[in-house]
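The values are calculated or read from the model by the stated rules, or taken from the named source; none is laboratory data. The model shown is predicted, which means the values in this text are computed figures rather than measured ones. Please note: Cβ atoms are built from the backbone with ideal geometry, for glycine as well, and neighbour counts cover all protein chains shown.
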Amino acid sequence: MNDYVVSVLLGIIEGLTEFLPVSSTAHLRIGEALLDIGLDDPYWKMYTIVIQLGAILALTLLFAGRIIEFIRTFPGGEDGKHTRWNHPLTLTLVAFVCTAVPSLLLTNIIGAHLESLHAITLALIIGGIVMWAVDAWSVRRDATVTDVEQMSLPQAIWIGLCQVTSAVFPGTSRSMSTIAAGQVAGMTRSAALEFSFLVSIPTMITATLYDLVRSLWPSLHLLHWRKPGATLGLHSHLAPVHMDAHGWIVLIIGFAVSFFVALGVVEWFLQWVRNHGFVLFAVYRLILGAALLLWGPHLVAGN
């Protein structure tokens, strides 16, 4: 298939799934297998890193107003009752650190599971069950946190630690981990979703930029961040990538497609969750996981 068409298709997959709780890692892995892309190809490994930046840029643009407001009101907050330790900006940074440090310490586990379709399948199914159960349970009780400005430091630490699961087990979904963790901690659907988006910005920017730099300049031998996936981890298989004009065009296409698709998806997702919750995505995960149990081995054999 033409590389430009492949780039459009993968950009659509990334834009659609990066912020939905269905695992962009799983979908990119399946898409690459169906499109007969070699999973050990350094260029396409780097490509999956770069197209995330398009999705991240879309999210950052959509939340720019909210972020600017947080910066303007730091540290007192809108109500003047916050401190530098419980302001949303601080809590976002705390959650980021609580994700990054354990993920780095779990290097060997992350590397071992990164491209295992079996692990992705199990993560999709288990994550779907957890999401469904947590969402059903949470709507039957009164949530104490209806806005991220009401969050506490322990809640941010809890969400950050739960996000580690998406680094160790690709297919879990970063957004699923943070949303479910937020609901368990007493947050409403919309508050948990907003904090999930906020903490994804520093998490994904750090991971993707470092992996991109390392893939293009392999002489950097620091800690190796990884992706495809929604969160911080390690990627032990990046190799030098030598770019030509064709490679840059394919990359730009994927980046742009991912950006515009994600721009529409995030707005739709916010509205859907406020009105309907997360059951649709839990059911989808279960169906996709079941399909992979049946046909996954054929995808691996054919790749």
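Yes/no per residue for (1) among the hydrophobic types (A, V, I, L, M, F, W, C); (2) at pLDDT below 80; (3) farther than 30 Å from Leu10 by Cα:
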site: Phe70; (1), (2), (3): yes, no, yes
site: Ile120; (1), (2), (3): yes, no, no
site: Ala133; (1), (2), (3): yes, no, yes
site: Gln150; (1), (2), (3): no, no, yes
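Looking only at residues in the range 72-96 that are under 26 Å from the mean Cα position of the chain (by Cα) and polar (S, T, N, Q), which one is farthest from Met204 (Cα to Cα)?
Asn86
Which numbered condition trips up Arg140, out of (1) of a type in the set (D, E, K, R); (2) free of Cβ contacts under 8 Å to residues at least 12 places away in the same chain; (3) within 22 Å of Thr92 (Cβ to Cβ)?
Tallying (1) of a type in the set (D, E, K, R); (2) free of Cβ contacts under 8 Å to residues at least 12 places away in the same chain; (3) within 22 Å of Thr92 (Cβ to Cβ), Arg140 fails exactly one: (3).
When you go through Ile179, Ile129 one by one, which is the residue that is over 18 Å from the mean Cα position of the chain (by Cα), closer than 30 Å to Trp295 by Cβ and either of a type in the set (A, V, I, L, M, F, W, C) or outside any helix (DSSP H, G or I) (or both)?
Criteria check complete, one pass: Ile129.
Taking Val261, is it modelled with pLDDT of 85 or more, under 19 Å from the mean Cα position of the chain (by Cα), over 22 Å from Gln183 (Cα atoms) and among the aliphatic types (A, V, I, L, M)?
yes
Of the residues Leu251, Leu232, which single one is among the aliphatic types (A, V, I, L, M) and either at pLDDT below 70 or at positive phi (or both)?
The unique qualifying residue is Leu232.
With respect to Asp36, is the statement that it is in contact (Cβ under 8 Å) with a residue 40 or more places away in the chain, over 21 Å from Leu270 (Cβ atoms) and of a type in the set (D, E, K, R) true?
In short, yes.
Considering only the range 249-263, I want to know if a residue exists there that is part of a loop (DSSP other than H, G, I, E, B) and within 17 Å of Ile49 (Cβ to Cβ).
No - not one qualifying residue is present in the range 249-263.
From the list Gln155, Gln150, pick out the single residue that is closer than 25 Å to Phe74 by Cα, free of Cβ contacts under 8 Å to residues at least 60 places away in the same chain and not charged (D, E, K, R).
Exactly one residue qualifies, and that residue is Gln150.
Evaluate the range 274-284: report whether one residue or more is modelled with pLDDT under 90, at positive phi and within 21 Å of the chain's Cα centre (by Cα).
Taking every residue of the range 274-284 in turn, at least one turns out to be modelled with pLDDT under 90, at positive phi and within 21 Å of the chain's Cα centre (by Cα).
Tell me yes or no: at least one residue of the range 167-180 is at pLDDT 90 or above and surrounded by fewer than 24 Cβ atoms within 10 Å (Cβ to Cβ).
no
Condition check ((1) in contact with a Pro (Cβ under 6 Å, 6 or more places away or on another chain); (2) closer than 30 Å to Val250 by Cβ; (3) of a type in the set (Val, Ile, Thr)) across all residues:
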{"site": "Met46", "(1), (2), (3)": "no, yes, no"}
{"site": "Val50", "(1), (2), (3)": "no, yes, yes"}
{"site": "Ile56", "(1), (2), (3)": "no, yes, yes"}
{"site": "Phe63", "(1), (2), (3)": "no, yes, no"}
{"site": "Ile68", "(1), (2), (3)": "no, no, yes"}
{"site": "Gly76", "(1), (2), (3)": "no, no, no"}
{"site": "Lys81", "(1), (2), (3)": "no, no, no"}
{"site": "Asn86", "(1), (2), (3)": "no, no, no"}
